[in-house]
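The values are calculated or read from the model by the stated rules, or taken from the named source; none is laboratory data. The structure presented is a predicted model; accordingly, all values stated were derived computationally and were not measured. Cβ placement follows ideal geometry from the backbone for every residue including glycine, while neighbour counts extend to all protein chains displayed. The accessibility values were calculated without ligands, DNA or RNA, using every heavy atom of the protein model including side chains. Shrake-Rupley method; radii C 1.70, N 1.55, O 1.52, S 1.80 Å.
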Amino acid sequence: MKKLLAIALALCMALSLAACGGSSTESTTAPEVTDPVPTVQDPSASAEEPREAELNIMMSFPQYMDQWETYCKQFEAKMLAEENIKVTVNLEMPSSGQYESVLQARLSGGDAPDLYTLHCNNLGTYNDAGYLYDLSGQPLADVIYDNVKETVTIDGKLLAVPIESQAWGVLYNKAIFADCGLEAPETLSDLEHICEVLTEKGYTPFLLAFQEQWVPQLMTGLTLGDIVSGKLNDWLERMYADQGSYEEVREIFDVIDLIMANGTDRAMEEGSEAGAADFALGKAAMFVQGTWAANTIMTTNPDMELGVFALPINEDPNCTRVNLSTSTTLAVHPDSQELELALKFANYVLDEKDSSALFQSCSFNPLADCHDYEAYSWVADASAYVARGRAYQDLVIPSSVTDEQGRLLQEYYVGSVTVDEIIQRLDAAFQAANALK
């Protein structure tokens, strides 16, 4: 009996050892507790090869090429790590003066980019043409500030990702103003006095860089906003009904004449980037340019004391206002061959982790819950006007009319057109745009 028991025990031990060495038999011991498996899979550890894809993005601000190239590289790395997609982002940034015509040619020619920037004022036109994807159901819709979201929403549809939301007016050198004992103007006569004092002290009042037509057009953007919001509230509505005229806003040329008469030489030979750099170096005390130029200015002269004031057009301070708007937005083309990937990039623009650094590097205003960086001092200058009710929403003027304003102001600077001719041609341009509706 003892012999049989010994044999039985020996057999049990042999079977137990075989079970421990086998690969198909479950262990009876408790598994070792380890860290949770990460949700982001490392593609290098996966046997599956990454899917390769291309994303074509077209943007209208070449001055931020470095920042957006870096951000696109971050997106590529994110997609490879999290989605096992090897994305190549093709980023294209035509010059600001050519952007609109290049984009329209691409859209009409069947070569549309997957994502592209648009001015907020043009969203309605591009939506009517079927070129915009509704982003209302995307995660980004939940983080945009409500007042900013309204500027990119039409008929309840969120049509683009806001990028540049800012209040802007005239940039000025606070150190030069302090040296001359000057303060920001409230009226046109104040601005005339500033020009006189600056000239007496040896400073050039205004930096002029009119090589690109969109820059002189900023003068009409500011002055028309002033006069329409300050006293001619129904002018734009009547222009769209062919019942108004630029003759009614002729007084905007008073301040335009003042700027041109007190500016740097050879304006038609200087572009916006060179102008921003020259302004940063103190070649003029004021620059009719938006705060989007702050990146170039502060890169050129990190110690510059940059300020913003509202451009006055007459003796009524109520007409002296800053432009409060969402300018550049990012849209997704609804027929993108990589629509899901394009939507991922659109959401990444407002990424909780990475977006703040991008927006701060471009000197953009915070516009979403995910933005936790401190705005710059010149933003505070413009915001003070907003707090006093001295701001207006960017006027929605047909892009063809806006372009014509810029061209005509270039011609006006060189003396080839008169104010009467400008008024006549702008009225005709507005009527032509109305007829195309």
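Computed about its Cα centre, the charge dipole of the chain is approximately 1340 debye, with only Lys, Arg, Asp and Glu carrying charge at their Cβ.
Taking Cα atoms only, the orientation of helix 399-414 departs from the longest principal axis of the chain by about 50 degrees.
Give me the accessible area per residue for the chain, probe 1.4 Å, as a whole number in Å².
Numbers: 20920 Å² over 437 residues.
Per residue, the chain has 48 Å² of solvent-accessible surface.
Computed from the C-beta positions of ALA81 and ASP372 and an R0 of 30 Å, the FRET efficiency is 0.80 to the nearest 0.05. Structure remark: mean-square fluctuation, Gaussian network model of the chain, C-alpha springs under 10 Å; the largest value among ASP278, ASP234, ASP155 belongs to ASP155.
Going through [x] 105, 77, 49; [y] 124, 52, 38; [z] 72, 58, 40, the figure that equals Cα extents along the principal axes in Å as computed for the structure here is [y].
Toward the positive end of the charge dipole of the range 363-437, with +1 on the Cβ of Lys and Arg and -1 on the Cβ of Asp and Glu, the farthest Cα among VAL419, HIS371, ALA387 is that of VAL419. In this rough spin-label picture, where each label sits 7 Å from Cα along the Cβ direction, the ASN301-GLU69 distance is 2.7 nm. Axis of helix 252-261 versus longest Cα principal axis of the chain: the two differ by about 90°, to the nearest ten degrees. Relative to one another, the C-alpha centroids of the range 384-437 and the range 338-367 are positioned 32 Å apart.
Counting other Cβ atoms within 10 Å, which trypsin sites (Lys or Arg not before Pro) in the range 263-331 have at most 11 and lie in a DSSP loop?
On the way: sites: ARG266, LYS283, ARG321; in loops: ARG266, LYS283, ARG321.
Sites meeting the loop and neighbour criteria: ARG266.
Whole number please: convex hull volume per residue, Cα atoms of the range 93-203, in Å³. Don't skip to the answer; put the middle values down first.
Numbers: hull volume 20.4 nm³, N = 111.
For the range 93-203, the hull spanned by Cα atoms encloses 184 Å³ per residue.
Dividing the Cα radius of gyration of the range 133-283 by 2.2 N^0.38 Å, with N the residue count, gives 1.31. Between ALA53 and SER189, the FRET efficiency from the beta-carbon distance, with R0 = 51 Å, is close to 0.25. Sorting 210-222, 334-346 by their mean Cβ neighbour count within 10 Å, with the most densely packed peptide first, gives 210-222, 334-346.
So what's the convex hull volume per residue for the Cα atoms of the range 208-321, in Å³?
Convex hull of Cα atoms, per residue: 109 Å³.
For the range 277-434, the square roots of the Cα gyration tensor eigenvalues, ordered a ≥ b ≥ c, give a/c of at least 1.5 with a/b no greater than b/c, which places it in the oblate category.
Defining a contact as two alpha carbons under 8 Å apart and six or more residues distant in sequence, what relative contact order in percent does the chain show? Don't skip to the answer; put the middle values down first.
Working: 697 pairs, mean separation 97.4, N = 437.
Worked out over the chain, it gives 22 percent.
Here LYS437 is the anchor, and the lysines within straight C-alpha reach of less than 24 Å, apart from those fewer than 8 places off in the same chain, are LYS157. Relative to the globular-protein estimate of 2.2 N^0.38 Å, the Cα radius of gyration of the range 363-405 stands at 1.59.
Among the protein heavy atoms of the chain, carbon and sulfur supply 51% of the accessible surface, probe 1.4 Å, non-protein parts ignored.
Starting from the Cα gyration tensor of the range 94-133, take the square roots of the eigenvalues, sort them a ≥ b ≥ c, and report rounded, prolate or oblate (rounded when a/c is under 1.5, otherwise prolate if a/b is larger than b/c, else oblate). Kindly include the intermediate steps, with their values, before the conclusion.
Numbers: a/c = 1.77, a/b = 1.16, b/c = 1.53.
Because a/c hits 1.5 or more and a/b fails to exceed b/c, the range 94-133 counts as oblate.
Nearest 10 degrees is fine. How inclined is helix 188-200 to the longest principal axis of the chain, computing both from alpha carbons? Roughly 90 degrees between the two axes.
When both bridge partners sit in the chain, DSSP labels roughly 55% of those beta bridges antiparallel.
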